[in-house]
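These notes concern the structure reproduced below.
Read-outs: derived from the displayed coordinates by stated rules, not from any lab. The structure displayed is predicted, hence computed values, not measured ones. All Cβ positions, even for glycine, are placed from backbone atoms using ideal geometry, and neighbour counts span all protein chains on display.
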Amino acid sequence: MVFDWEYLFSLFSLSDFWLASWTVVQLSIASWLISIVFGFVLALGRQSKYGILNIPAKFYIWLFRSLPLLVLLMFVYNMPLVFPATGDFLSNPFLAGLLAMVLCESAYIAEIHRGGLLSIAKGQGEAAKALGIRFVGAQYLVIIPQAFRVALPALTNELVSIVKLTSLVSVVSLTEILLVGQRLYTQNFLVLETMAAVAIFYVMIVTVFDFLLRFLENALDVTKAKPKQQLSAELIEEISNAPQLKAEKAAEIDGPALEAHKLHKSYNDVEVLGAVDLSVQTGEVVSIIGPSGSGKTTLIRLLNGLEQLDNGEIKLNGNPFIKLLRQVSSKPRVIEHPEHRTEIGMVFQSFNLFPHLSVMDNLLLAPRYHKLAPKKALEMQAYQLLNKVGMLEHAWKYPHQLSGGQQQRIAIARALMMKPSIMLFDEPTSALDPEKVNEVLQVIEDLTKDGITMVIVTHEMNFAFNVSDRIVFMEKGRVVCDESPEALRRGDNPRVEAFLKDVSLSLTE
Ligand code: ADP
């Protein structure tokens, strides 16, 4: 018996095969896309700290990863025998196949997404939160685009698996490629020739998908991106000639701009902050200094709700912001008024720029999310702020194309876009090379001249003494002293003096 090449080639003009291939393409793409969405919800549930979400998600993933697709297909297709109401939907082999594939694949894809989510630095979600972006917004604007990029190679692999798994749907009589082949060779017994054609159709589909997804992968890879657009000479001139943009000053109010009362925080029953009070007047610049581990970062993160306080109260411009509510009948609860969150801008030690967005889009993300102004006006504001921090010509670059100092200057501009009344800086120069420190300190110093209220955690003692109205010295989770730089220079407090000697600050400056 010889291999019938002529018959094999003739199969490629058979419309049944092409129609079946189209069915496979539709079923694969629909299963893949629905599973990607549902799998993401499962992955979020699996990650959740709430048992009501993570237990069902874990159970689902465990169950549907254990069930063979073929068994699932038979169950789904025969479901109308027990639940006649499902008959309209499930007696259609395509829809029955789709449901079975989605049930099964979403369990696998949930774990792929979880890998993607785990790869995203915690600071990304925190940066979004600090810009007042709520959970769902942070997911679709910041987390999902990055996690999807990480997960894409594994998701591509899953699509290839799905294409091949569609051949199983022939058991519920869906006319896909394998079934067309089987019908042919049961008539003419040319099994090898027919199955070769079936194989070639599958290989063609997988190759096309592979090519398209590789293309998508490259398109999403910002490390290969060129700066999106150049600024025209006229625009640069217009922005440079525009009046210097002043950082927004908070309206004068009675009382402090920020008031923290008896803040407590413990990690694993170890107290890291105990009854800390802090009050910052409008326009005041307060630096927080102290030895490593004294609770400075924890304090500043409590002030904008990035860490949950265990006790105490924070007020912003006279309004309640975060507070621990004690109730007689139930456990104490933290009450937060998130609408005030945008009144506080935060600059992180590790910048936390969004790496998948250009500099300009980093600046525009939060104000556009909050619909602060029309796009054109926001763009002009962003250009002016970039000009203010000396980064105008880098507007359309991506964060990875900038030095640490430049990234931090962009992070400052990004926080200022929200026109906060208070800016918090958490060791803004600690992650920088020594020669980049001054460029960032200079930008912060310029902002202090604009009269913006600031709380700065810093190890740069000369800077703190030069720009601050008050310096708070912390040790072991307590405020040891809260004085003007002049008072500290007089050396009245031996503990502070010893610390400053350690960090070799010349107090005679
Ligand atoms: P500082 O900014 O003054 O260096 P931190 O506020 O970072 O101090 O830390 C204060 C203490 O709290 C340290 O002992 C640190 O180990 C502890 N700490 C900070 N964050 C956590 C955390 N998420 N889990 C457990 N311990 C923490």
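Data overview
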quantity: FRET efficiency, F215 to I236 (Cβ-Cβ, R0 30 Å, nearest 0.05); calculated: 0.30
quantity: Placed amide H near M346: partners under 5 Å, 5+ positions off or other chain; calculated: L424
quantity: Alpha carbon centroid spacing (whole Å) that separates segment 196-211 from segment 417-433; calculated: 53 Å
quantity: Nearest-0.05 FRET efficiency for F94 and I52, computed from C-beta distance (R0 45 Å); calculated: 0.85
quantity: Highest average packing first - 76-84, 364-372, 100-108, 162-170, Cβ atoms within 10 Å; calculated: 100-108, 162-170, 364-372, 76-84
quantity: Percent of beta bridges antiparallel (DSSP, the chain, rounded to nearest 5); calculated: 60 percent
quantity: Mean shadow area of segment 410-479, taken as a quarter of the surface of its Cα convex hull (nm²); calculated: 5.3 nm²
quantity: Taking the chain and dividing mean pair separation by its residue count, relative contact order in percent (alpha carbons under 8 Å, at least six apart); calculated: 15 percent
quantity: Cα-centre dipole for the chain with unit charges at Cβ (Lys and Arg positive, Asp and Glu negative), debye to 20; calculated: 920 debye
quantity: Three-way shape label, segment 258-502, alpha-carbon gyration tensor, a/c 1.5; calculated: oblate
quantity: Segment 62-120: Cα Rg divided by the 2.2 N^0.38 Å rule of thumb; calculated: 1.35
quantity: Spacing of the two label points (7 Å from each Cα toward its C-beta) at E393 and V171, in nm; calculated: 6.6 nm
quantity: In Hz, Karplus ³J(HN,Hα) per residue of segment 489-497 (6.51, -1.76, 1.60; θ = phi - 60°; x = Gly, Pro); calculated: 4, 5, x, 5, 9, x, 5, 5, 4
quantity: Amide N of segment 47-90 lying under 19 Å from the label point, which is placed 7 angstrom from the Cα of S330 along Cα→Cβ; calculated: 49-53
quantity: Residue-by-residue Karplus 3J(HN,Hα) for segment 172-177, coefficients 6.51, -1.76, 1.60, Hz, glycine and proline x; calculated: 9, 6, 7, 7, 9, 4
quantity: Spatially proximal lysines relative to K58 (Cα-Cα < 25 Å; intrachain offsets below 8 disregarded); calculated: K49, K122
quantity: Distance histogram for segment 368-448 (every C-alpha pair counted, 5 angstrom bins, percent rounded to whole numbers); calculated: 3, 14, 26, 25, 19, 10, 3, 1
quantity: Shape of segment 5-220, Cα gyration tensor, a/c cut at 1.5; calculated: oblate
quantity: Whole-Hz ³J(HN,Hα) from phi, Karplus 6.51 cos²θ - 1.76 cosθ + 1.60, for segment 362-377, glycine and proline x; calculated: 4, 6, 7, 3, 5, x, 6, 4, 7, 6, 6, 6, x, 4, 4, 5
quantity: Footprinting exposure proxy for E483, E307 (fewest neighbouring C-beta atoms within 10 Å first); calculated: E483, E307
quantity: Relative contact order computed over segment 263-323 (Cα-Cα under 8 Å; 6+ residues apart), in percent; calculated: 32 percent
quantity: Residue exposure sequence - E475, E393, E435 - by fewest surrounding Cβ within 10 Å; calculated: E435, E393, E475
quantity: Pairs of alpha carbons in the chain whose separation is greater than 35 Å (percent); calculated: 50 percent
quantity: R0 of 25 Å, Cβ-Cβ distance V2-M204: FRET efficiency to nearest 0.05; calculated: 0.50
quantity: Estimated [θ] at 222 nm from DSSP helical runs (n ≥ 4, -39500 (n - 2.57)) normalised by residues in the chain, nearest 500; calculated: -17000 deg cm²/dmol
quantity: Taking segment 5-220 and dividing mean pair separation by its residue count, relative contact order in percent (alpha carbons under 8 Å, at least six apart); calculated: 29 percent
quantity: Environment charge at D426 (Cβ cut-off 9 Å; Lys +1, Arg +1, Asp -1, Glu -1); calculated: +1
